[in-house]
Structure formats: structure tokens, C-alpha cells
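What follows is a set of notes on a single structure, which appears directly below.
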Amino acid sequence: MSDRRPTPRSSPRLRADPASQTPFDQGAAERERAPGGIAHEVGELHRLLVESVQDYAIFALDPDGYILSWNAGAERFKGYAAEEIVGKHFSIFYPKAKVESGWPEHELKEAARVGRFEDEGWRIRKDGSRFWANVVITALRDSSGQLLGFAKVTRDLTERRAAEEALRLSEERFRLLVTSVKYYAIFMLDPGGHVATWNEGAERAKGYKAEEIIGKHFSIFYPPEKVAVRFPDFELAEAARVGHFEDEGWRIRKDGSRFWANVVITALRDGDGKLVGFGKVTRDLTERRAAETRAIANARHAAAEEAARHAADVARARTEQLQLLTSALASVHTIPEIVRIVFKEAFPLMGVDAGSLGVIDDAGTNVRLLAETGFDTPPERFRTMPLAADLPMTTTITSAGPVVCRSRSERDRRFPTTAEVLASFEVSVVLPLMSRGRPMGALAMHRRAGERPDEPLTDETLAFMQSFAQQCGQALERARLYESERQARRVAEDARARAEEARTRAEEANRAKSEFLAAMSHELRTPLNAIGGYAQLMELGIGGVVSDEQRDQLSRIRRSQQHLLGIINDILNFSRIDAGQLTYNPGSVPLREVVDSVRHMVEPQAIAKGLVLEAPECPSELHAWADRAKLEQIVLNLLSNAVKFTAPGGRVSIACDAAEDGQVRLTVRDTGSGIPEDQLERIFEPFVQVGRSLTVSQEGTGLGLAISRDLARAMNGDIRVQSTVDVGSTFTLTLPRDEESAKGD
Ligand code: ADP
């Protein structure tokens with residue numbers, strides 16, 4: 001198809017003047033065309049109007065589609081000037097594909113058939129660019145119905161189309177967006193609250209398909225209790241009133257299960273402000289809520305675990321601290337050392353700012369402060385507190401239980417007298433210091449502030465304090481014991497030293513005495529022996545004749561000399577024993593022989609005194625293991641005493657027998673004066689004589705029994721006495737038995 005015909009083939013009855021044709025009333029135009037007539041003027045006006053219309057391309061086509069006229073709008077839209085385009089075929093305006101499909105011809109055919117054809121579509125400008133056009137083609141016929149051509153009115157809808165397209169696209173995008181949103185139920189309600197639209201998220205959240213739910217009232221999503229109070233209606237009313245409404249709460253799924261939802265309802269209004277419905281966005285927070293609940297539970301759990309771990313750590317640390325303190329306390333022995341550990345080591349660990357240590361005094365009536373620390377002003381008034389006073393320390397001691405004040409007001413109420421001295425402390429704990437189950441003192445601890453506002457004193461701190469006070473009580477008890485033991489030892493040591501000194505002095509004195517006695521006896525014996533010797537010589541009459549009277553006198557001298565010699569020998573013996581100078585020659589001694597020899601020595605005296613001396617023969621098997629001379633000396637002493645202290649007519653006896661424990665026994669009995677009970681032990685002391693006084697002189701030295709017992713004991717034997725005054729005495733000598741002799745028999 002060519003754009004332009006070689007010659008214009010305009011219809012003879014239709015001039016190439018679009019204004020001459022009114023598209024609206026062709027018949028009238030024909031009639032009124034005469035120049036100068038009203039019709040002509042109207043036609044002319046039409047032509048001007050059409051030509052000047054800018055917003056529409058208005059032009060005429062001949063019946064074959066060739067352009068006959070052109071106007072300003074057409075030029076503006078399509079870019080062609082009238083002289084360029086008139087005579088061209090109108091298909092020039094169509095995209096190639098449309099032309100090839102015969103669309104322009106189809107348009108004309110349709111317009112010819114039904115009178116009018118309207119179309120929207122892309123058209124091409126002179127410069128090749130496209131524009132969106134609304135085209136109306138109207139068939140133009142004469143009064144006989146003959147097709148004269150076509151009027152074509154084209155509107156450039158590019159801008160409108162772009163806006164519409166943008167709107168359509170955004171609506172489409174929005175629709176896609178809304179429908180595909182999975183995690184939000186987004187739907188519309190009509191003003192009455194009926195579901196108008198539905199999306200995938202709504203289906204997911206609520207379980208209804210679009211066809212099931214659209215048209216239903218949205219209260220179907222609410223739990224019955226909410227519906228009962230008309231909450232859904234309230235939501236809509238509120239949304240309508242203020243624009244939107246937000247809520248969180250339980251909603252119901254199609255299957256009846258509940259889910260926790262966040263709901264935003266927005267009122268939708270048209271341009272005039274008329275309510276057209278509501279947008280409703282519902283978010284299922286069940287998961288989030290569950291996750292939150294889980295997170296909270298986890299956090300709680302973690303916090304509990306952490307707290308437990310912390311508590312365990314604290315407890316372990318406390319135990320270690322207590323062990324350290326306990327071993328520190330165990331290693332000290334004095335009260336000042338204990339005080340130092342309590343104040344300097346324990347108090348900081350327990351968060352104690354001030355405190356004091358008091359003990360009951362020896363009288364048990366007062367509590368005395370041993371030491372205090374941390375007080376702004378020293379608690380002078382409370383250095384000594386009567387146990388009966390109503391004070392924290394005395395209360396804890398008399399009750400043997402703790403006094404715990406967790407606040408100042410509590411403490412001041414219970415113990416008003418301490419309010420002033422403890423004014424700067426908030427928490428006070430006073431614990432008894434126990435020793436062997438009884439309070440011996442108290443430990444007072446004060447804190448300036450509580451550990452925590454809600455818990456001024458934690459249970460475990462209190463427990464720690466109590467354990468520590470227990471250790472402290474034991475340490476104090478040990479310190480006291482240690483102190484008194486040291487004092488006792490000091491006293492004992494002093495006494496021992498004094499005794500030692502006395503003994504040394506006594507030993508020295510004794511030795512001096514023994515030495516003196518030995519020396520004196522020796523010196524006395526020499527002249528005594530001379531006296532005895534010369535008296536004997538005179539008796540023998542060697543120096544001349546001795547008269548009977550002289551002989552009698554010489555005999556008296558000799559007896560006195562013998563007596564004196566005996567005394568001196570005793571003294572010498574005793575002093576030797578005392579000085580440990582005596583030597584013993586032990587051996588097997590037959591008792592029979594000892595008794596025989598001694599009996600003969602005392603017999604003359606007994607006879608002279610008129611006494612009966614009984615000495616039955618001793619069993620031959622009785623041998624003592626002893627120094628024979630010393631044994632005879634002992635027996636002689638016992639028999640001599642018996643004779644000496646028994647009045648004439650009395651009876652003296654000596655007997656032997658075997659004693660238990662491998663000993664032999666010699667018993668000397670008399671019916672003499674006897675010895676008072678209280679003197680029984682004293683007679684064995686040197687120089688003791690019963691009933692001796694300065695006026696009543698008595699024969700003897702009082703050394704005999706002392707010497708005899710010393711000798712017996714030195715030979716592993718002993719002497720004992722039984723006596724009754726005016727009845728008589730029994731002296732018993734025991735000595736080890738010679739076992740060989742015993743077997744031999
Ligand atoms: P002495 O005989 O030299 O006075 P002893 O030591 O032998 O010293 O005796 C001490 C005292 O014990 C005697 O003086 C006497 O008072 C008392 N005594 C000793 N043997 C007897 C006895 N058999 N009967 C009564 N009194 C005795």
C-alpha cells in the first residue's frame with residue numbers, strides 16, 4: 001500500500017474541506033450549505049472549530065482511507081503538517097504489525113458496517129515514536145446512504161494511559177504483594193465488617209480459603225467471650241472514629257484452635273471521606289509469643305542456673321574462708337591474737353564495719369569487753385555490762401542464742417540504750433561464744449548498710465557468722481585453758497624450785513649433821529674405850545689391891561661407859577645410814593640362829609626385870625636374805641625395847657614364820673605400856689621418844705627404831721607396829737626369804 005495516491009481522488013461531492021462537513025448532522029449540512037445562509041456560517045464556524053481543536057486529531061478519510069483533511073490537533077499529535085499528510089493513506093499511523101494484519105481496513109469496514117468504530121491502541125507519529133490513542137471512526141454518508149468517507153477523531157491517551165498503567169501496575173503489584181504475603185493476614189472488610197478480600201497469609205493464619213470466608217462477618221475470628229462483649233464491633237467503631245485500631249489477643253482458626261495475634265484495623269475512606277471499609281492486617285504472634293515465652297523461660301532457667309552457680313561459688317569461697325579462719329584461730333593461743341584475727345581478718349570477709357568481743361568475768365555477773373573496733377566513739381558505757389542488763393550482748397549470753405537486728409529501727413526498739421552508740425550502723429548481729437555448751441562471751445558485729453535493699457542480711461552470711469562465732473568460742477576457750485595451764489605450770493615450777501632448794505639445803509644440813517655426829521662419835525669413842533680399858537685393868541687388880549666397894553664402883557663406871565658407848569655407836573650408825581655410808585653384805589641368814597644369839601643377849605635383863613621371855617625355836621628352813629650383823633642389830637633393838645617398856649611380871653616373846661610374797665617374818669610381842677595411836681608412826685622418826693619431856697628423863701636416844709627401819713628397808717624389808725596402850729605392842733620385821741634355802745627344805 002502506498003502512502004499517497006498519484007492524484008487526489010476526492011469524492012466529487014465531498015470537498016477536501018473538513019469544516020464543510022459536520023460529522024453530526026450530515027443532512028442539515030447539505031441543506032444549509034448555500035453561501036451567505038445561516039447554514040453556511042454554521043459550517044464555517046464548524047470548520048474553524050475543528051481546525052483549531054488542539055486536543056483531538058480530527059480529520060476525514062475518503063471511503064478508501066486516504067486522508068482528506070487535517071487539523072491542528074492532528075498535526076500536534078502526529079507531527080505531520082496538512083500538506084505532508086493530506087492524500088496519504090491513514091494506515092501510515094498504524095504499527096507495522098497492525099497494518100500487516102489488515103487492522104486499518106478492518107476498522108473502516110466495521111465503521112462502514114455499523115456506522116461507528118472505536119478503538120484504543122498504539123499509533124505511530126511522524127518521527128516514529130508511539131502514542132496511545134483513542135480512535136473513533138464514523139462513517140459519513142449522504143442522504144441517500146452513499147458512503148462518502150470517514151471522520152476520524154483521535155485522542156492522545158499516552159499520558160492517561162501511562163498514569164493508568166502506573167496505577168494498574170501498582171495495583172497489580174500491590175495485589176500480588178498482598179495476596180502473596182504469607183505471614184500477614186491482609187484483607188478488607190466492608191463497612192459492616194464482612195470479609196471482602198483474602199490473601200495467602202490470611203489463609204495460612206486462619207485456615208479459611210477465600211471462597212469460604214468472603215462475605216462472612218469478621219467476628220468469626222474472635223473467641224466467644226470477645227464476641228459476647230461485642231469487641232469486634234468496638235474495634236471497627238474505634239477504627240472508624242480515630243482512623244485505626246491496634247490490638248493483641250487470642251483469635252480463632254477455622255479448626256477452632258487459638259493463636260495469638262497482633263491486629264491493626266485501618267478505616268478506608270473515599271475522597272469524600274465516606275467510610276468504604278476497613279483494611280485489616282493480622283499477624284500470628286503465636287510463634288513469636290511461644291519463642292518469647294521460651295526465651296523468658298530460658299532466661300529464667302539460665303538466671304537460676306547462674307544464681308545457683310554463683311551461690312555454689314560463694315558457698316565454696318565462704319567454706320574456704322572459714323577453713324582459713326579456723327586454721328588461723330587454731331594456730332593462736334592468746335586472746336590478743338584471737339582479737340586480731342576476728343577484727344582484721346574475719347570482719348572484712350563478713351562485711352562487718354564495727355564490732356566487739358566480750359566475755360563473762362570470773363564472778364559470772366558481768367560481761368567485760370575484751371576489745372572493740374570500728375566505733376566512731378568508743379563504747380565506754382558498755383565496757384562492763386551486768387549480765388542482767390537488757391543489752392544485745394547480755395541477751396545473747398543469757399539466752400545462748402543469736403540476736404539479729406536487720407534494721408536500725410528494729411534494734412533501737414529492742415535495745416534503746418544502744419541506739420546512740422550504734423547510730424551509724426544499720427544491721428547488727430550478736431552471737432554467743434560457746435564453750436562446752438555454755439556461753440562464755442559474745443561477739444557483736446555491726447554493718448553500716450544492708451547487703452541489699454531487699455535483704456539486709458543474707459541467710460548465708462548469717463550462717464557464716466554463726467560458724468565463725470562457734471570457732472571463735474572454741475579458740476577463746478583454748479586460749480583460756482592455755483593461759484591457766486601456763487599459770488599452773490609457773491606455780492608448779494616455782495614450787496619445785498623452792499622444794500629443790502629446800503632439799504639441797506636440808507641435804508647439806510643433814511650431811512653437816514651426819515659428818516658432825518660421825519666425827520663426834522669417833523672422838524667420843526676413843527676416850528670412852530680408854531675409860532673402859534683402865535676400869536677393867538683396875539678391876540683385875542693389876543695396879544694394886546681393889547676393895548669390894550671399889551670393885552663395885554669400878555663396875556658402875558664400866559656399865560656407864562658401856563651404855564655411853566652404845567649410845568655413841570647408835571649415833572654413829574644412824575649418821576652413817578643417813579649419810580648413805582653404810583655397806584651391806586647380804587647372804588642367807590637362818591632366823592633360828594639370829595633369834596638364839598639375840599635371846600642370849602637380852603635374857604639377863606629380862607630375868608633381872610622378872611619378865612617371862614618366850615623364844616620357841618624357829619623353823620630351820622626359814623632363812624632371810626640379809627646382812628647378818630644388821631639383822632641381829634634390828635632384832636636386838638626390838639627385843640631390848642620390849643624388855644625396856646614392859647613392867648616386871650610381864651611377858652615378852654619372839655617368833656618366826658614365813659610370810660606371803662616370798663618373805664620371812666619375825667614378830668616381837670610384849671605386854672608392856674603400849675604406844676598411843678597417834679604416836680605409832682612417829683616412833684620411827686629419829687630422836688622421838690613417847691612421853692619424853694625435859695623433866696622426865698628416859699633411857700635411850702630415840703634412834704633405835706629409826707635405825708632399825710632404815711636398815712630393814714635397805715635390805716628390802718620393813719618394820720610395822722601394832723599397839724594398844726596398857727595392853728602391849730607387837731613389832732613385825734619382814735625380810736626377803738632366801739628362796740634357795742626354802743627349796744632346799
Ligand atoms: P629408845 O628406845 O632409844 O628410846 P627407840 O627408837 O628404840 O629409842 O624407841 C623410840 C620410842 O618408842 C621409845 O622411846 C618408846 O617410847 C617407844 N617404844 C619402842 N618400843 C616400844 C615398846 N615395845 N613398847 C612401848 N613403847 C616402845
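The values are calculated or read from the model by the stated rules, or taken from the named source; none is laboratory data. Note that this is a predicted model, so its numbers are computed, not measured. Using ideal geometry, Cβ is built from the backbone for each residue, glycine included, and neighbour counts are taken over all protein chains shown. SASA here: full protein model, heavy atoms, side chains in, ligands and nucleic acids out. Shrake-Rupley method; radii C 1.70, N 1.55, O 1.52, S 1.80 Å.
Listed values, structure above:
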item	result
Packing rank of 599-612, 67-80, where each peptide gets the mean count of other beta carbons within 10 Å, highest leading	67-80, 599-612
Dipole of the chain [Lys/Arg +1, Asp/Glu -1 at C-beta], most positive-end residue of LEU157, TRP250, GLY702	LEU157
Among 526-532, 152-158, the order from most to least packed when residues are scored by Cβ within 10 Å on average	152-158, 526-532
Among GLN466, ALA519, GLY543 - extreme Cα towards positive end, dipole of region 435-572, charges at beta-carbon	GLN466
Å² of accessible area per residue within region 514-575, as computed with a 1.4 Å probe and no ligands counted	64 Å²
Share, in percent, of DSSP beta bridges within region 587-743 that are antiparallel, nearest 5	90 percent
Under Karplus coefficients 6.51, -1.76 and 1.60, residue-wise ³J(HN,Hα) of region 404-414 in Hz, glycine/proline x	10, 10, 8, 8, 4, 5, 4, 5, 5, 5, 6
Anisotropy class of region 548-654 from Cα gyration tensor, a/c 1.5 cut	oblate
Under 29 Å from the Cα of LYS152 - lysines, other chains or at least 8 residues apart	LYS78, LYS88, LYS96, LYS98, LYS109, LYS126
Per residue value of the accessible surface for region 328-436 (all protein chains in place, 1.4 Å probe), Å²	46 Å²
Under Karplus coefficients 6.51, -1.76 and 1.60, residue-wise ³J(HN,Hα) of region 388-396 in Hz, glycine/proline x	6, 5, 8, 10, x, 5, 5, 5, 5
Relative contact order computed over the chain (Cα-Cα under 8 Å; 6+ residues apart), in percent	5 percent
Charge-dipole axis of the chain as Lys and Arg at +1 and Asp and Glu at -1 on Cβ define it, positive-most pick from TYR94, PRO416, ILE654	TYR94
Candidates per chymotrypsin sites (Phe, Trp or Tyr not before Pro) in region 551-631, loop by DSSP, up to 15 other Cβ within 10 Å	TYR584
Whole-Hz couplings from phi, Karplus 6.51/-1.76/1.60, listed for region 655-663; x for Gly and Pro	9, 10, 7, 8, 9, 5, 6, x, 10
Rounded tilt (10° steps) of 286-330 against the dominant C-alpha axis of the chain	20 degrees
Where no second cysteine Cβ lies under 4.7 Å, the cysteines concerned in the chain	CYS405, CYS472
Acute angle (nearest 10 degrees) that the helix 158-180 long axis makes with the longest principal axis of the chain, alpha-carbon atoms	30 degrees
Acute angle (nearest 10 degrees) that the helix 704-714 long axis makes with the longest principal axis of the chain, alpha-carbon atoms	50 degrees
For SER435, residues with placed amide H under 5 Å, excluding near neighbours	MET440
Ranked packing of 256-267, 543-554, most packed first, by mean Cβ within 10 Å	256-267, 543-554
Fraction of the pair-distance distribution of the chain above 47 Å, Cα-Cα pairs, percent	71 percent
Distance between region 388-455 and region 541-617 - C-alpha centres, whole angstrom	90 Å
